[in-house]
1. Per residue, how much accessible area does segment 339-386 have with a 1.4 Å probe, in Å²?
2. Hey, rough spin-label estimate for A93 and R639, points 7 angstrom out along Cα→Cβ, what's it come to in nanometres?
3. Quick one: which residues, 5+ away or cross-chain, put their amide H under 5 Å from the amide H of A114? H built at 1.01 Å from N.
4. For a label point 7 angstrom out from the Cα of R476 toward its Cβ, which stretches of segment 572-596 have the backbone nitrogen within less than 20 Å?
5. Can you give the Rg and Dmax of segment 94-251 based on its C-alpha atoms, in angstrom?
6. Among the chymotrypsin sites (Phe, Trp or Tyr not before Pro) within segment 541-628, which fall in a DSSP loop and have no more than 12 other Cβ atoms within 10 Å of their own Cβ?
7. Using protein chains only and a probe of 1.4 angstrom, how many square angstrom of M626 are accessible, to the nearest 10?
8. I want to check the label-to-label distance for K30 and N621. Put each point 7 Å from Cα in the C-beta direction and report it in nm to one decimal.
Amino acid sequence: MPLKLGECFLFHKAKIIRQFNIKFGVFMEKRDAKQIINELKEKINTHNYRYYVLDDPEISDAKFDDLQRKLERLEQEFPELVTPDSPTQRVGAPPLEKFDAVRHSIPMLSLANAIDEQEVREFDQRIKKILNTTKDVQYIAEPKVDGVAVELVYDRGRLTAGSSRGDGVLGEDITQNIRTIKSIPLRLIGKENEVPELLEVRGEVYLGTKDFQKLNMQRKENGESLFANPRNAAAGSLRQLDSTMTAMRPLNIFCHGIGIVRGRSFDNQLETLNHFVRWGLKVIPDIAICKNLEEIFHYYKRMTERRDDLGYEIDGIVLKVNSLKLQERLGTISRSPRWALAFKFLPKQETTKIKKIEVQVGRTGALTPVAIMEPVRIGGVEVSRATLHNLDEIEKKDIRIGDTVVVQRAGDVIPEVVKVIETKRKGDEEKFSMPELCPVCGAEVFRPKDEAVHRCLGLSCPARLKEAIKHFASKRAMAIDGLGDKLVAQLTERGLVKNVADLYYIRMEQLADLERMAEKSALNLLESIEKSKETSLQRLIYALGIRHVGEHISKILANSFRNIECLINTSEDDLMRIHEIGPEVAKSIVKSFSQKDNIRVIERLKEAGVRYPEKEYAKENRLDHMTFVFTGKLNLFTRDEAKEKVEEFGGKISSSVSSKTTYVVVGDDPGTKAEKARRIGVQMITEDDFKKLLER
Ligand code: IVH
């Protein structure tokens, strides 16, 4: 029960004392301050509990803020009186480098699943058999919250630790983040002798449906990636190393179980949950005691009907044997307790008709076919689009435009087409094919071999632009400081930057026009852009964001080519002669440079003054344009040394002989490569000749 606290006395006293302080310039006595602080803390805790746990506030937000401010001020004046359980202490810890691992004192198990009534019957029979009874066993039924499992530790009523489930045995120490969740009490309600000496509470951290939608809307506005469902959003928020980030997400908790408990014992699950409520821990509503299977099925049906109106996602119900003694007798098997079962809901499905199939281009350039359907309500949400993933998926399910299909929402925001109802086909349905040109920028569309996804080759494709710019500016690419998500969003949305080269043509007055852009930051940004012009070939290649060309490949390319023009003019075969460059990478590079717009961007980068030192050819590149093939055993070098030498001096290595091979170096017992060289007329040299070439 929430505590009933004295009303105005407290404010009155605080006010008088503060006035006194101001007037006479003396400090309040510590003893008085301590008492007022304690009273304020208790009052705030109670209102917090009423607001976040009971969802039944007694005072206005303004009054609550006022209390909080009073406490903050007093604590500022008497920092030695600040305790970790003070409501002012929810945020404030410095960001972590990583989360520490914590071992759960009792493993956090998972639940066995049932998907139909028959499986629930079997569960019940199993239990009766082990308990050697024919009588009905009492179950408690709870909604199964679709969130993230956590454990909270209360030491004599004070929250001392919070951890994630991890693999069930080892979790992560996320105490700082847990403390930011307002429905988690920092201190249990009740006097010291009324709360357990030690209480490990298990529960589910979740994000309400409305809060989830709001969060995704904000992220969309900021140009950030969207969360697929509330569970992912909750998990992502809990995994922030900086707890101030977590504090900004309106996370919530439902507590549903215990780990170790000392100084208190319970007979059954219902009693445990009732104590949770008394101590101020939030417990999920809609819990029922079921005396038999019929009551269980009735409860399941009720919850199926209500699941869309709860304000949070549930994906089934959890059945637990109510008696803790019986739970103990039943024990655990293969990481799930024998006494509990998750009875999952079926995914929410409906049928509708596909009107057309559109192609969306994602941030990475991937093309995703999307079914545009006649609107249909699934699980309380109107749905008119569903992802078809990729062409293979469409072909596998034989989805055609005009088909009647089954659509499903499995908790995720984006619904999917499950299957076609073939009996509804009339014969005028149309097959779908991927466009050959990107629907957004018109560049060529390319499907790498062995990949399911089609991709746009336009490096400046508006669909990819934000990501392309962020990558271009990143530390290990062109290293432009100050280009955050919001700024990139503004620059691209206002059309100031249509490709990465445009960054070098931004003017001060354009920046000054942007929201929240102080003159100083604009100057810093321009300076950073200017500084980035002085770069290296490796950084420039990497910055372009060509698929499969990461830092390592960029380095290899920069070592193999004198400048970017040489790389642009190279062929797939030439590229493949370079050690570590395979056909996939070679194809991706050549394809990318075959797009006119991409070349134009590179030209404009050069015109803007982007430059890098070209390799000094006189000494170090004596093997430039030469391709070597080795065959047979070498005596003066190992193969690796020989390769290293060739690359060091600007030459290339190939594993097979072709007309493009300059020399075949023949060691002892040469293989078929020497034969082939002879046949097609490639010059063969000895290892000594090779050494001379190097020393030339
Ligand atoms: S009791 C032995 N009760 O579901 C595990 N779990 O798949 C005892 N969950 O990781 C868990 N709602 O985090 C229990 N009312 C509820 C639950 C619940 C959601 C989660 C839990 C667990 C997962 C099991």
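The values are calculated or read from the model by the stated rules, or taken from the named source; none is laboratory data. All of these numbers come straight from a predicted model, not from anything done at the bench. Don't worry about glycine lacking a Cβ; one is built from the backbone with ideal geometry, like all the others, and counts go over all protein chains shown. SASA here: full protein model, heavy atoms, side chains in, ligands and nucleic acids out. Shrake-Rupley method; radii C 1.70, N 1.55, O 1.52, S 1.80 Å.
1. Numbers: 2180 Å² over 48 residues.
I get 46 Å² per residue for segment 339-386.
2. Spacing of the two 7 Å Cα→Cβ label points: 5.3 nm.
3. A342, F343, K344
4. Inside the label zone: 580-582, 585-586, 589.
5. Every Cα atom of segment 94-251 included, Rg and Dmax give 19.0, 60 Å.
6. Details: sites: Y542, F561, F593, Y617, F628; in loops: F561, Y617.
Answer in residue order: Y617.
7. In the full protein context, M626 sits at about 30 Å².
8. It is 7.5 nm.
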